[in-house]
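Peer 1: Below is a structure I'd like to ask you about.
The values are calculated or read from the model by the stated rules, or taken from the named source; none is laboratory data. Values in this document were obtained by computation on a predicted structure and should not be read as measured data. All Cβ positions, even for glycine, are placed from backbone atoms using ideal geometry, and neighbour counts span all protein chains on display. All accessible areas refer to the heavy atoms of the entire protein, side chains included, with ligands and DNA or RNA removed. Shrake-Rupley method; radii C 1.70, N 1.55, O 1.52, S 1.80 Å.
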Amino acid sequence: MDKRKALILLQELLKIKSVNNHEAQVADYIKLLFDQYPAAQVTEVNYAPGRSNLVITIHGDQPGKTLGISGHLDVVSPGDISAWHHPPFAGEMDTDNVYGRGASDMKGGLAALIYVLLDLLAEKRSFAGTIRLFATVGEETGNYGAAQLTRQGFADELDALIVAEPSNLQVEYTHRGVIDYEVSATGKAAHSANPAAGNNAIDQLFRFYEAITALMTPKTKVDPVLGPLLHNVTQIAGGEQINSIPARARLYGNIRTTPLYPNQPLMAEIEALVAELNQQPGNELQLTYHYPESPLPGNPQAPFVQLFRKVAMHTLGHKVAVVGDSGATDASEFIRAAQKFPVVIFGPGNDSGHQADEYVAIKDYIAAITIYQQVILQFLR
């Protein structure tokens, strides 16, 4: 491994401002890295102007299994720049860490995967089967790049998938799903001195809030790895001014699902609840979902999970936990492919993602490269 080249690759990715958009700039940079290798089949899948997914496929020297490796190209906003001690898009590095927006979530993992592929091509390493890299748009705002690639069949042949999200170098095999919903209420404006002439849209949302709380409260089954079902109302907005009955109001909620409470049955219950409320006088509610993502089921004893754990333990020299993740990933979309396959979420990152001075430890980044390479070569032999 050329540590210097690996770090330069990461720094260059961090310098590209792909904040919830402009992923095509990252895709273009990655394409240039593979231009010198005819064996790499590079497919650009456009999502929107300035937003391109990238699929890079490499075939081994004999038939075999197909392994997917995945990372997203977008990052979240850096927020208040003055809170950063290291500029968010400079890729600054000190003795221990590389800093920048996306260093942990998840250009660190993406860079490590890319380096492994480039090294396999440069060294002409032998393996059986196929490696397919998915570099996706829009993970931070809805996983719609992964959804697009899955709909177009790019994941249909997978036998296993690595998602390089930050995992503190733990092996994650399952994670929560998410349902983000919006309920809008339409009422009738009136003077607050004559409320009977109007229909208070905020009152309608209070009725919904009480009803959905009653719906969710009895759901007490606890997943032994991921924990309980979580439901929170996180935003509410409405009204025009303090002395007017509001004609419109909106409420937003977030549900973190588990395999014990999967998305579709919950969504059906919420839809039925809204329909029932709308049968009552004075309610005019409309329900909208924003990119719901299914929980990721998994088996900690699956051979691919245990292979990852074995390789990680050997590389790191200590025990490696097999755990679940409280967040959602692109895996929620990829598992909708034609056949079932095991997924491991593993990456060189930490809890600094979405924070000022986000960073990835250099030693973790380098270790991840070694682990990815060994897992790939052992799986595809």
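Peer 1: Would you mind checking the pairs LYS124/LYS340; LYS31/LYS319; LYS17/LYS319; LYS31/LYS124; LYS5/LYS31; LYS15/LYS363 and listing those with alpha carbons more than 28 angstrom apart?
Peer 2: In this structure, LYS124/LYS340; LYS31/LYS319; LYS17/LYS319 exceed 28 Å between Cα atoms.
Peer 1: Obtain the nm distance between the two label points defined at ASN21 and LEU260 by a simple spin-label model: each point lies 7 Å from its Cα along the Cα-to-C-beta direction.
Peer 2: In this crude spin-label approximation the distance works out to 4.2 nm.
Peer 1: With a 1.4 Å probe and all protein chains in place, put HIS86, HIS318, HIS175 in order of accessible area, largest first.
Peer 2: The residues order as HIS318, HIS86, HIS175, largest area first.
Peer 1: Report the antiparallel proportion of the DSSP beta bridges in the chain as a percent, rounded to a multiple of 5.
Peer 2: Taking every DSSP beta bridge within the chain, about 70 percent pair in antiparallel fashion.
Peer 1: Whenever you get a sec, line up TYR359, TYR144, TYR29 from highest to lowest accessible area (probe 1.4 Å, protein heavy atoms).
Peer 2: Result of the area sort, largest leading: TYR359, TYR29, TYR144.
Peer 1: Okay, next question. Please work out the C-alpha center-to-center distance from the range 8-81 to the range 162-215 and express it in whole Å.
Peer 2: 34
Peer 1: Taking only the Cα atoms of the chain, how large is their convex hull per residue, in Å³?
Peer 2: Per residue, the Cα convex hull of the chain comes to 147 Å³.
Peer 1: So what is the relative contact order for the chain, in percent, with contacts set as C-alpha pairs under 8 Å and at least six apart?
Peer 2: Rounded, it is 25 percent for the chain.
Peer 1: On to the next question. Hey, can you rank 32-39, 250-257, 88-95 by average C-beta count inside 10 Å, highest first?
Peer 2: So the peptides 32-39, 250-257, 88-95, ranked by packing, come out 250-257, 88-95, 32-39.
Peer 1: Using the per-residue mean of other Cβ atoms lying within 10 Å as a proxy for protection, in what order, highest first, do the peptides 104-114, 362-372, 67-77 fall?
Peer 2: Taking the mean over residues of other Cβ atoms within 10 Å, the ranking is 104-114, 67-77, 362-372.
Peer 1: With the other protein chains left in place, how much accessible area per residue, in square angstrom, belongs to the range 36-150 at a 1.4 angstrom probe?
Peer 2: On a per-residue basis, 35 Å².
Peer 1: Of HIS231, HIS191, HIS22, which has the most accessible area and how do the rest follow, probe 1.4 Å?
Peer 2: Largest accessible area first, the residues go HIS191, HIS22, HIS231.
Peer 1: Using the per-residue mean of other Cβ atoms lying within 10 Å as a proxy for protection, in what order, highest first, do the peptides 3-16, 235-248, 129-142 fall?
Peer 2: Per-residue Cβ counts within 10 Å, averaged per peptide and sorted highest first, yield 129-142, 3-16, 235-248.
Peer 1: Any idea how far apart ASP180 and GLU210 come out in nm if each label point goes 7 Å out from Cα toward Cβ?
Peer 2: 3.0
Peer 1: If I model a spin label as a point 7 Å beyond the Cα along the Cα-Cβ vector, how far apart are those points for THR217 and ILE236 in nm?
Peer 2: 1.6
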